[in-house]
Structures are given as structure tokens and as C-alpha cells.
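Data block below; observations after.
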Amino acid sequence: MGTLKLLQGNEACAEGALYAGCTFFAGYPITPSTEVAEYLARRLPRIGGVILQMEDEIASVGAIIGASLAGKKSMTATSGPGFSLKQENIGFGMLCEVPCVIVDVMRGGPSTGVPTGPSQSDIMQCKWGTHGDHPVICLTPAYVQEIFSETVRAFNLAERYRTPVILAFDEIVGHMREKIEIPEKGVLEVENRRRPTCPPSEYKPFDETQGDVPPIADFFSGYRQHITGLNHASDGFPVNASPRIHTDELRLIRKVEGNRKDIIRYDTVLLDDAEVAVFAYGVSGRSGKNAVEMARAEGIKAGLFRPLTIWPFPVEEVAALASRVKAIIVPELSLGQIVLEVERCAKGRCDVQGIFRVDGDPITPAQILEKIKEVG
Amino acid sequence: MAFNYDRHIRHGKLPHIWCPGCTYGIVFKSLLRAVETMQIPKDHLALVSGIGCASRLPGYVDWNTLHTAHGRAIPFATGLKMARPDKRVLVVSGDGDATAIGGNHFIHACRRNIDITVIVMNNFIYGMTGGQHSPTTPVGHLATTMPFGNIDPTFNIPSLAQGAGATWVGRGTAYHVPVLDRLIIGAIEHKGLSVLEIINGCPTTHGRRNKFRTPTDMLLWMKESALPLSAFEKLPPDKVAGKFPTGVLYKREAPEFSETYFAMVERLQKQQEGGGG
Ligand SMILES: Cc1ncc(C[n+]2csc(CCOP(=O)(O)OP(=O)(O)O)c2C)c(N)n1
């Protein structure tokens, strides 16, 4: 039996990070994510870890990448405007293949927007926020317990695939308090990055002959290396030669896309015989579950598909779903972002209808039920 | 005695990208001599940079090196230092990198007094992008984005650093090389945030557009304009124009950030052991 606690989503995220072995956090205060930093500020120093309040969000990502290069599991957390500021350095982390976790507790935008209001409108930014083609892993938990476990998974994926992982949840689940169980150490798997075993003189930080995820050496460990945000060869030094750039970019994408089966995770409710599906994540997924249960009580065959991994997108799963249901309903706290991705995968095989809301309130089960009846 | 740089240079990575007449190579060699003199093991050293011509320096050096984003070297260096407080972390930066786009990180690192050595290679211009004005381009000078003469007032980098709380501030030039070696050693030896501004010349994008006909003219200008701080302070007011002080300009002792942090950690852990709950 683990420890039972009554925690806020943001606090559960901090607990998840500690469970996963995070010993370095850098951030800049912003609603509605600040509790992640406040919780870790009380905990990290006691276990010898580092917590820094940096001068801004740009510096926060820089610091966690620096710490990760020195071998520490590291994380930052932010919201809205802060997430925008972090983008350039997130791209650095992706190109240089530095494991770390970036938490975005979504609030209304653009600009200062609605600091205390929930939102799911950063979800495309999670994929396309930094410039250039790049790999993205983004997880979208919906329950406090799930924020804990998905934070652990975010660290594991970051270590396994040597890349920044984005954990995106909305203000409602970030601030909601629920009972959670923190498992004993060892119950959940905790993974560590593959480090080199070759002699330092033979080490190449981006050696593709070692597989799509080459081993990563810690700074100061004797494996002297050069890490640059310029496109680089396997030895880490800049190259301008186009074939090299091409193959390297492809490897970066492949190491995520080629491992979709391992990375993609989702939950379903009563989906097997459903005629109408609700596709929803985060707080909208919670409403979706209620709506489906209400519909079933009225004899309507509705089911829920709730992605825990939103990027890479569950393309095949949604395509298969689209072939067997009449309609997919996509409730989201934006003016229509992830619905586009669902439409793209459904390819016209079924009706796809969004429910959008940006007035600061969640989409209610009743709203979704109404739509289920409309299309069903 | 001829100095052997081979131990510190990455094989096969030269020639460097710097133009003929650029003074960055002088600083590069001075830095290697300083580290060799100090006998710092290569595995204990990290050299971090942002983006720009100056920021290409780490690529040539066989230490732990990190070439980050424009202006962001100091945050990455802060992460490295706090992750491994037992190691030495140096930053090399251009004037734009350190004081324009990276200005916020620069002043906050000074305030924090974290043990990082920040070397600002001031060539008075944005070299890499081809000669746009920087926060240190003298008023009146031509730059591609100030084609009628720069009207944008300048930063004095040592004053900026001192005002922001740096505990060691110095200035050297690419002309006064033996002094430069000693200044780099002093900056690295200092425990706390040290800022060393090194006056450099960019003949390609600054000098030749601003009445320095040859690279040598830029070095001669350094020779004539730089004065050791003690001599500078003795100048009568009417002789100050066009001169600048060099050497260690400011120094004080103050708690270093990583030491203070880990002292806090130790205190907390002792309390826990003591069952203080
Ligand atoms: C975010 C961002 N903005 C702009 C640039 C373009 N850029 C590259 S180097 C540079 C200026 C470099 O000047 P300085 O820092 O003074 O260094 P120098 O090249 O003179 O050594 C600029 C503006 C960039 N790489 N990234």
C-alpha cells in the first residue's frame, strides 16, 4: 500500500517528478502552474535537489537543459505566456536530444488572456510551438492520480527517447483536489537514460549507428563533447551538408514516430459497440465520460476515447474508430484545434463535430449529451 | 618558451570561422594559456556560449562545451553549475549576445553572484549577422541598421556588471595580451560571478566602415586608448575623452550562490536527521 494523500493536480505533478527521480527544477511563477514550483521548493532542497526561480521562462528551460546535460533529471512548469517564451529553448532540447520535462498548465489565451481560467488551446502549440520540424511527445492527463502517473511516464519517455517531453493539462485538473495514492518506491517503473560504455575517445554524442536513440554522456564525466543548436554531425560538430541534415532530422522524427506503439496511451469507456464516439482529453475527457454514461442510461450507444498521449497523435486508432462509428464528437476548451486532427484521421469516414468553449467554464456533460443525441 | 596549444584544441576543427584581422583568435589563445597555467583538468571545465562569432569559440576547445541559443548561455551555464557545483563553468559571449538579447540573464547572474566566469568579447557590433549596431556601438558610428550614424546610446559593460552586483569586474584588450592572460586567470580564480570585458576589433563589419582602414588600426586604437585603472584615475578631466580604464576594475567578497544553496541543503538535511520533523 502506498501513501494516500489529498492533493491538487499541480502538487501531484510535483510528487510524480520526485517519484521519477527529478532532482532539478527551474521555473518562473505563473498562474495556474505556480504550485508545482512551490511544492518542489519545500521538497527538493531536503533531498539535496536544486530548485531555482530564474529571471524568466527562457532562462528556466536553459537551466534545466544545462542540468540535464550534467546528468540530472530536470523539469520546468509554466502556463500560457510562459509557455510561449520557452519555445526557442525547447527546440534546442529537441535538436540536441536532451531529456527533460516541460509542464504546461493551460490557461486562456492569447496573450495574458484568462490567467485563472481553464483552457486546452495550447495543444497545437505543444506540437508546433518551436520552429522547424521536430519530434514531440506530449501527454494529457485528466485526473489527479493520472497527473502523478503521467508525470512519472513523462520522465521515463524523456529518458528513453532522449528528448524533452511536454505534459499538458488544464487549469481545472491542475487545481482540483482528489485523493491519490503515491505508490511505494519500485512499484512504478523508473527509467534512466542510456549512457555510453565505450572509451571516451570513441564517444560520439549523436552516433546513429547506436540506434535511433544514441547514448548520452554527462558533462564532466570524462566524455568531453560539444553540444550545439546548429545542425550537427554524429560527433556533435556543426555541418552544413544537406544529406546529413536530412537524415539526422529524419532520425529525430523517427525515434518518436517509429515508437508510437510504445508512446501512445489512451483510455476508453464503453467504446466497443459505440455508434457515437466522444474524443476528448483532460477536463473535457472527464465530462465526456459522464456524458457517455448518461447516454447509455438512455439507451444510446455512446463511447469515449480519451487520449493520454496527444502527440504523437493516435492516428491509426482514430482512423479505425472513424470506420465503425457514425460520428465522433470532439469537445475541447478552444475554438477548434484537436478537432482538426481528428478530422484529418477520420478522412470523411464518419461525421466529426466539435464542441468548443472559451468562456472560462468547462464543457458540461449535458452539452456533450445534447450533441450525442443530435448526431446519434 | 613556445606554448603548446595542442592539448586544448580539438583536432580537425580548425581553421576557425573568424575573418582575417579579427581579434577573437588572440582571446582564444589567451584563454587556453590561462587555463593551462591554472592547471585546471579539462574534464572539470565547461565552456558555454550563445550565438555569434564569439560564441563559436567553444567548438574549437577540447573541454565540455555547449553552444546554446542567442543570449542564453548564462542560464544553461547556471544549470550546469548548480548540477555540478564542484566544477568550473565559463561563458564566452559577444556584446550583443550578453547585453542585448541576453541582458536580463546577464544582470541576474551578476545579482545572484553564482560562480561563473563571463567573458564578453566586445567588438562593438553584431559581427555574425553582418554589422548591425549593438548596445556597445559608439554613437555616431556607421552600422548597417544605422546608416546615418548610430544614435542609440551605449552600455558600459563593467559599470553594468558592477551595478547589477557582480563581485569581480575587469576589462582587457586584445592588444595587451600578457595583461589579458592575467585578467582571465583572475576572473576564473574569483569565487562568484566575474565579468571580464575584452575589447576586440571587427575589421570586416565595423572597422573598415568606421575609419579604421586596416585591422592594425583597430589594434593601435586599443593601444592608445586603454590605460591601467590607476593611470586612468589620475587623468585630468580634460584628458579622459577617448580613453578607457583596464585591469581589475572592481572586486568584493560576497556569498557565492551555489555555496549558499548547498549550505541550506545541508542544514535542512541535518534538521531532518535530528528528527526535528
Ligand atoms: C533569437 C535570435 N535572434 C537573432 C539571431 C541572429 N543573430 C545571430 S548572431 C547575432 C548577433 C551577434 O552579435 P554579438 O553577440 O555582438 O556577437 P559577434 O558575432 O559580434 O561576436 C544575431 C542578431 C539569432 N541567432 N537568434
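The values are calculated or read from the model by the stated rules, or taken from the named source; none is laboratory data. Source: prediction; values computed, not measured. Note that each Cβ is placed from the backbone with ideal geometry, even for glycine, and that neighbours are counted across all protein chains shown. The area values use the complete protein model at the heavy-atom level, side chains included, leaving out ligands, DNA and RNA. Shrake-Rupley method; radii C 1.70, N 1.55, O 1.52, S 1.80 Å.
Quick one: is B:R72 within 11 Å of chain A (Cβ to nearest Cβ) and charged (D, E, K, R)? For B:R72, the condition - within 11 Å of chain A (Cβ to nearest Cβ) and charged (D, E, K, R) - is met. Scan the range B:238-264 for residues that are within 14 Å of chain A (Cβ to nearest Cβ) and either open to solvent by less than 60 Å² (accessible area, probe 1.4 Å) or without any contact (Cβ under 8 Å) to a residue 24 or more places away in the chain (or both) and the total you get is 7. Among the conditions (1) open to solvent by 10 Å² or more (accessible area, probe 1.4 Å); (2) within 16 Å of the ligand (Cβ to nearest atom), B:T68 misses just one, which is (1). Which condition from (1) more than 13 Å from the ligand (Cβ to nearest atom); (2) in contact (Cβ under 8 Å) with a residue 12 or more places away in the chain is the one that B:P15 breaks? With respect to (1) more than 13 Å from the ligand (Cβ to nearest atom); (2) in contact (Cβ under 8 Å) with a residue 12 or more places away in the chain, B:P15 is out only on (2). Between A:F356, A:F313, A:F305, the distinction of being open to solvent by 50 Å² or more (accessible area, probe 1.4 Å) and aromatic (F, W, Y) belongs to A:F356 only.
Any residue in the range B:92-115 that is within 23 Å of A:C100 (Cα to Cα) and either open to solvent by 50 Å² or more (accessible area, probe 1.4 Å) or within 12 Å of the ligand (Cβ to nearest atom) (or both)? Yes, because at least one residue in the range B:92-115 is within 23 Å of A:C100 (Cα to Cα) and either open to solvent by 50 Å² or more (accessible area, probe 1.4 Å) or within 12 Å of the ligand (Cβ to nearest atom) (or both). Count of the range B:27-45 residues, restricted to those that are farther than 15 Å from B:D6 by Cα and within 16 Å of the ligand (Cβ to nearest atom), is 1. Condition check: modelled with pLDDT of 95 or more, small (G, A, S), in contact with an Asp or Glu (Cβ under 6 Å, 6 or more places away or on another chain) and surrounded by 20 or more Cβ atoms within 10 Å (Cβ to Cβ). Does A:A346 satisfy that? Against the criterion (modelled with pLDDT of 95 or more, small (G, A, S), in contact with an Asp or Glu (Cβ under 6 Å, 6 or more places away or on another chain) and surrounded by 20 or more Cβ atoms within 10 Å (Cβ to Cβ)), A:A346 does not qualify. Residues satisfying the criterion are present in the range A:22-43 (criterion: free of Cβ contacts under 8 Å to residues at least 24 places away in the same chain and either under 24 Å from A:L230 (Cα atoms) or within 14 Å of chain B (Cβ to nearest Cβ) (or both)). Can you confirm whether B:I119 is in contact (Cβ under 8 Å) with a residue 12 or more places away in the chain and open to solvent by less than 40 Å² (accessible area, probe 1.4 Å)? Considered against the rule, which asks whether it is in contact (Cβ under 8 Å) with a residue 12 or more places away in the chain and open to solvent by less than 40 Å² (accessible area, probe 1.4 Å), B:I119 comes out as yes.
When B:R213, B:R267, B:R208 are screened for being assigned to a helix (DSSP H, G or I), more than 14 Å from chain A (Cβ to nearest Cβ) and of a type in the set (K, R), only B:R208 passes. Residues in the range B:145-187 that are touching a residue at least 40 places away in the same chain (Cβ under 8 Å), open to solvent by 70 Å² or more (accessible area, probe 1.4 Å) and in a loop (DSSP other than H, G, I, E, B): 2 in all. Sub-7 Å Cβ pairs linking a first residue in the range A:245-262 that is without any contact (Cβ under 8 Å) to a residue 60 or more places away in the chain to a second residue that is part of a helix (DSSP H, G or I), at least 6 apart or interchain, are A:R251/A:E208, ordered by first then second residue.
Among the strands (runs of 3 or more DSSP E) confined to the range B:21-128, the ones with at least 2 residues that are in contact with a Gly (Cβ under 6 Å, 6 or more places away or on another chain) are located at B:88-94. Is at least one residue of the range A:137-159 among the polar types (S, T, N, Q), open to solvent by less than 30 Å² (accessible area, probe 1.4 Å) and farther than 20 Å from A:I30 by Cβ? Yes; the residues of the range A:137-159 include at least one that is among the polar types (S, T, N, Q), open to solvent by less than 30 Å² (accessible area, probe 1.4 Å) and farther than 20 Å from A:I30 by Cβ. Looking at B:V48, is it among the β-branched types (V, I, T), closer than 24 Å to B:E189 by Cβ and within 13 Å of the ligand (Cβ to nearest atom)? In short, no.
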